[in-house]
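What follows is calculated from the coordinates using simple rules that are stated; it is not laboratory data. Nothing here was measured: the structure is a model prediction, and the numbers come from that model. Here the Cβ is made from the backbone with ideal geometry for all residues, glycine too, and neighbour counts use every protein chain on show.
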Amino acid sequence: MKTIFSLATWFITVACFMVLTSLPVTSVQAQESDPEALVLKSCGTCHGLNRVCKALGKDATWWESTVNRMVKRGAKLKQEDVQAVAEYLSQLEQGAKFVCD
C-alpha cells in the first residue's frame, strides 16, 4: 500500500512538473507588457478605475506626468511601461467600457 501511494505521488509530481514547464512563457510576458493589463494591475490597485475614467480625454503628456507621479507614490509599474500606458490611456475616449464599467 505504501509503495502504491509513493508511486502515485511520484507520477502526480512528474505530471504537474511537465504541465508547468510546458506553459508558454511568451503569453505571460505579453500580458505584462499589455497596456490594458498594466492599467488594471497598476492603477486599479491603489484606487478604483473610476478615477482613471474621470480623466479620460487628456493627452499623452498629461497621462505620462500623472503615471510618473503615481509611480513615485508607489504604483508598481516599470519605467519602460510608463509611456505605453500613457499612450494607451490618451487614446481612450471618455466613457470607455474597459475603464468606466
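Which fully enclosed helices (runs of 4 or more DSSP H) of region 48-101 have 3 or more residues being small (Gly, Ala, Ser) and touching a helix residue (DSSP H, G or I) at 6+ places or on another chain (Cβ under 8 Å)?
Working: elements: 49-55, 60-72, 79-91, 97-100.
Result: 79-91.
Would you point out the residue of region 75-90, among those that are more than 10 Å from residue 63 (Cβ to Cβ) and either free of Cβ contacts under 8 Å to residues at least 24 places away in the same chain or of a type in the set (Lys, Arg) (or both), that is surrounded by the most Cβ atoms within 10 Å (Cβ to Cβ)?
Step one: of region 75-90, the residues more than 10 Å from residue 63 (Cβ to Cβ) are 75-81, 84.
From the residues that got through so far, the ones that are either free of Cβ contacts under 8 Å to residues at least 24 places away in the same chain or of a type in the set (Lys, Arg) (or both) too are 76, 78-80.
Details: 76: 11, 78: 13, 79: 8, 80: 8.
Within region 75-90, the match that is surrounded by the most Cβ atoms within 10 Å (Cβ to Cβ) is 78.
I need the full set of residues from region 62-74 which are exposed (fewer than 13 other Cβ atoms within 10 Å of the Cβ) and either within 15 Å of residue 41 (Cα to Cα) or touching a residue at least 24 places away in the same chain (Cβ under 8 Å) (or both), in order please.
Once the filter is applied, which keeps residues that are exposed (fewer than 13 other Cβ atoms within 10 Å of the Cβ) and either within 15 Å of residue 41 (Cα to Cα) or touching a residue at least 24 places away in the same chain (Cβ under 8 Å) (or both), region 62-74 yields 73, 74.
Looking at region 38-56, I want the residues that are in contact (Cβ under 8 Å) with a residue 60 or more places away in the chain and have a partner that is surrounded by 14 or more Cβ atoms within 10 Å (Cβ to Cβ) and in a helix (DSSP H, G or I) with Cβ atoms under 8 Å, at least 6 apart or on another chain. Which pairs are those?
Close Cβ pairs (under 8 Å, with a partner that is surrounded by 14 or more Cβ atoms within 10 Å (Cβ to Cβ) and in a helix (DSSP H, G or I)) amount to 39/49; 39/52; 39/85; 39/88; 39/89; 39/99.
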